[in-house]
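Novice: Can you keep this structure in mind? I'll have questions shortly.
Taken together, the values in this text are just the output of simple stated rules run on the coordinates, not laboratory data. All values reported here derive from a predicted model rather than from experimental measurement. Here the Cβ positions follow ideal geometry from the backbone for every residue, glycine too, while neighbour counts run over all protein chains shown.
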Amino acid sequence: MDIVKDFSQQTLTQAIAANMLERSIAQGQCKDVELYKEDGLTWIVSGLPIAFSNQVCDTQINEENADTVIEKTINFFREKNLPFGWLLGPTTTPQNLGGYLLKHGIGYEGETPGMSFDLSKLDSECAMPDGLKLVRISNRDELDLFTEASMRGFATPFDIREYIIKTSLDLIFDPETGWSNYIGLIDGEAVATTSMFLGGGVAGIYGVATIPEMRHRGIGKAMTMAPLYEAMELGYRVGILRAAPEAATFYRKFGWKDQCAFSNYAWRPNDLEP
């Protein structure tokens with residue numbers, strides 16, 4: 001897809017959705033992840049008992065067959081005894097799909113904003129906190145540092161290390177995938193993470209996390225913005241991200257703008273992840 005140069009809300013909204021979908025498809029092409037395109041749905045399966053790691057990431061169906069498609073999808077994951085997520089966004093069809101998901105017992109888990117940043121507004125240099133060094137991952141040892149820092153930074157109640165490795169290992173060492181993972185180092189310790197995916201004509205920022213004891217030092221902002229300088233050198237004009245609700249205000253403070261919203265739903269077998 002051509003690099004996005006139109007800053008209208010409609011174009012940026014479509015680009016955000018396209019970047020996220022292309023990223024999921026790239027993850028689904030990893031050898032330990034399954035990618036499905038069927039019945040108007042695109043979804044990935046990591047096989048891990050974490051809802052967001054098994055996700056319907058695009059829906060293009062008719063309202064008339066929504067019930068049938070939803071029930072078929074639930075049965076697919078029920079047979080595998082896996083939880084799964086279902087992401088609805090501005091390009092989802094039909095737009096009232098959320099009501100159908102709720103009717104079938106797929107729970108609503110909140111809304112997240114899709115945001116954009118005009119790369120022409122980047123400072124001449126990325127301001128890095130004292131001692132912070134950004135390193136693009138190039139080997140398995142660095143990937144292990146990335147996974148550990150992500151675990152500490154996101155403080156999830158479940159182990160996400162295997163998910164990160166499954167959905168990253170086949171991508172981050174191939175420059176043709178558009179995928180880059182970075183660690184932020186201070187005195188040799190991995191204190192923060194970020195990832196960038198080039199797709200849909202924009203540069204997508206994902207997985208920004210800082211370990212608890214290093215927060216409120218400007219590290220999160222630096223990890224968000226630094227990869228965008230690389231994207232700008234490659235000719236990209238727009239950065240995008242999907243912000244956690246509690247982080248959206250943080251991003252707005254340094255120039256990110258709301259463009260659209262995504263709704264998150266999830267289904268879990270009774271004996272798995274709460």
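Novice: What is the angle, in °, between the Cα long axis of helix 140-154 and the longest principal axis of the Cα atoms in the chain? Nearest 10 is fine, range 0 to 90.
Specialist: 70
Novice: Over the Cα atoms of the chain, Rg to Rh with Kirkwood Rh, two decimal places?
Specialist: Rg/Rh for the chain comes to 0.96.
Novice: What is the packing order of peptides 121-127, 92-98, 22-28, taking the mean over residues of other C-beta atoms within 10 Å and listing the highest first?
Specialist: 22-28, 92-98, 121-127
Novice: In region 118-260, with Lys and Arg counted as +1 and Asp and Glu as -1 at Cβ, which of these residues, T167, T210, P245, has the Cα nearest the positive end of the dipole, that is, farthest along it?
Specialist: Toward the positive end, the furthest listed residue is P245.
Novice: Can you figure out the FRET efficiency of D118 with Q60, using R₀ = 45 Å and their beta-carbon distance, to the nearest 0.05?
Specialist: The calculated FRET efficiency here is 0.90.
Novice: How many Lys pairs in the chain lie less than 13 angstrom apart by Cα atoms, where the lysines are 8 or more positions apart or on different chains?
Specialist: 4
Novice: I want to verify the translational diffusion coefficient of region 118-260 in µm²/s; compute it with Stokes-Einstein, Rh as the Kirkwood radius over Cα pairs, at 37 °C and 0.692 mPa s.
Specialist: Diffusion coefficient, whole number: 213 µm²/s.
Novice: What FRET efficiency comes out for D32 versus Q9 if R0 is 41 angstrom and r is the Cβ-Cβ distance? Round to the nearest 0.05.
Specialist: Working: r = 37 Å, r/R0 = 0.91.
So the FRET efficiency works out to roughly 0.65.
Novice: Still on this structure, I have one more. Could you pull the Cα extents of region 1-127 along its three principal axes, largest to smallest, in whole Å?
Specialist: Its Cα atoms span 53, 34, 26 Å along the three principal axes.
Novice: Now for a different question. Can you tell me the dipole magnitude for region 144-203 around its Cα centre, using point charges on the Cβ only (Lys, Arg +1; Asp, Glu -1), in Debye to the nearest 20?
Specialist: Roughly 200 debye, rounded to the nearest 20.
Novice: For helix 66-80, report the angle its Cα long axis makes with the longest principal axis of the Cα atoms of the chain; keep it between 0 and 90° and round to the nearest 10°.
Specialist: 70
Novice: I need the peptides 194-205, 76-87 ranked by packing, meaning the mean over residues of other C-beta atoms within 10 angstrom, with the highest value on top. Could the numbers behind the result be given before it?
Specialist: On the way: 194-205: 24.5, 76-87: 18.2.
Taking the mean over residues of other Cβ atoms within 10 Å, the ranking is 194-205, 76-87.
Novice: If you place +1 on the Cβ of every Lys and Arg, -1 on the Cβ of every Asp and Glu, and leave all else neutral, what size is the dipole of the chain about its Cα centre, to the nearest 20 Debye?
Specialist: 500
Novice: For region 118-260, calculate the relative contact order in percent as a whole number, restricting contacts to Cα pairs under 8 Å that are 6 or more residues apart.
Specialist: 27
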